[in-house]
Amino acid sequence: MCTVSWLYDLAGYQIFFNRDEQRSRQNALPPQIFISSKNSAQNSSQHKQSYIMPVDPQGNGTWMGATTEGICVCLLNFYQGALPQGPLISRGILVKTLLELISFKKIEQHLNKIDCTHYSPFTLLIFNPLDKHPLGFCWDGKTTLTTIQVTSPFTSSGVDFPTVSNHRQQSYAKLLGDNGNKVDESLLLQFHKSHLPQKSMNSVCMHRNDAKTVSLSQIKVNEGQIDYRYWDGAPCETKSIYEQTLDRAKIATLQN
């Protein structure tokens, strides 16, 4: 279960992502900067292409990250899909692989030829600062990777999805109305920390006996830099907040 929302403005865009996991799952490592192994050999040491992401120790992949070209990749589980037969690769490795490609063009080319049968079902969102909405993909575990239309906020849930999704949409609508129907950073941050009307499995900041919201990520992308703010723990209660910046201005644009 996860919830993602976003905002495009004149400066660039922002993404907020609540990651919901089992309480027994090992904590992820806060966001780190990595140099792309795909492109580092062709660039000088001062102009290596990089990306930023937290790391899930269970698979050494991630669920969200951004590249020096301002491309952000987000992955949510698609619990309503069918589980493919045979050995499976961690979906977090797919996100890391896409981030390694750095550019939107190379990521799109990779997705056009990918064999998804080695992954559990997922929904993938690709954000590009040149657009005003993300590109959505869904792998249902049976057919092929298909493009989908997505709107903010977007939710996944493995437990009673219709109820959870409707509840979170209603929570968003209430906060939006209280904010004069203006979508801004403050509104989205309030939404991702919210328990409307109470702390439960339905609330955006989710709490169940066996699972909860384990982190909140906020990524800001503008022309000069990428700021990653990371709440390590349920955002309603954690005091462990990490901030990492990837400076785009000092890194040459990758030529496609």
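The values are calculated or read from the model by the stated rules, or taken from the named source; none is laboratory data. Every value quoted in this text rests on a predicted model; they were computed, and no experiment measured them. Ideal geometry is used to build each Cβ from the backbone, glycine not excepted, and the neighbour counts take in all protein chains shown. Side chains included, ligands, DNA and RNA excluded: accessible areas come from the protein's heavy atoms. Shrake-Rupley method; radii C 1.70, N 1.55, O 1.52, S 1.80 Å.
Here the stretch 213-249 is the region considered, the condition is being touching a residue at least 40 places away in the same chain (Cβ under 8 Å) and among the aromatic types (Phe, Trp, Tyr), and the residue that is most open to solvent (accessible area, probe 1.4 Å) is TYR242. Taking the condition more than 18 Å from TYR51 (Cα to Cα) and either under 13 Å from the mean Cα position of the chain (by Cα) or hydroxyl-bearing (Ser, Thr, Tyr) (or both), does PRO153 pass? So PRO153 fits the description; yes.
Of all residues in the stretch 40-51, none satisfies being farther than 20 Å from LYS105 by Cβ, outside any loop (DSSP other than H, G, I, E, B) and modelled with pLDDT of 90 or more. Among what's in the stretch 4-24 and is part of a loop (DSSP other than H, G, I, E, B) and not aliphatic (A, V, I, L, M), pick the residue that is farthest from the chain's Cα centre (by Cα). Ranking the candidates gives SER24 first.
Would you confirm whether or not the stretch 150-159 contains a residue that is out of contact with any His (no Cβ under 8 Å at 6 or more places or on another chain), β-branched (Val, Ile, Thr), surrounded by fewer than 13 Cβ atoms within 10 Å (Cβ to Cβ) and closer than 16 Å to PHE17 by Cβ? Scanning the stretch 150-159 turns up at least one residue that is out of contact with any His (no Cβ under 8 Å at 6 or more places or on another chain), β-branched (Val, Ile, Thr), surrounded by fewer than 13 Cβ atoms within 10 Å (Cβ to Cβ) and closer than 16 Å to PHE17 by Cβ.
Residues that are among the aliphatic types (A, V, I, L, M) and modelled with pLDDT of 95 or more, at least 2 per element: which strands (runs of 3 or more DSSP E) completely within the stretch 81-175 meet that?
Ranges flagged: 122-127.
For the stretch 63-106, enumerate the residues that are open to solvent by 20 Å² or more (accessible area, probe 1.4 Å) and of a type in the set (A, V, I, L, M). Passing the criteria: ALA82, LEU83, LEU88, ILE89, ILE93, LEU101. Annotation: of all residues in the stretch 190-212 being open to solvent by 10 Å² or more (accessible area, probe 1.4 Å) and either touching an Asp or Glu at 6+ places or on another chain (Cβ under 7 Å) or among the basic types (Lys, Arg) (or both), the one that is farthest from TRP63 (Cα to Cα) is LYS199.
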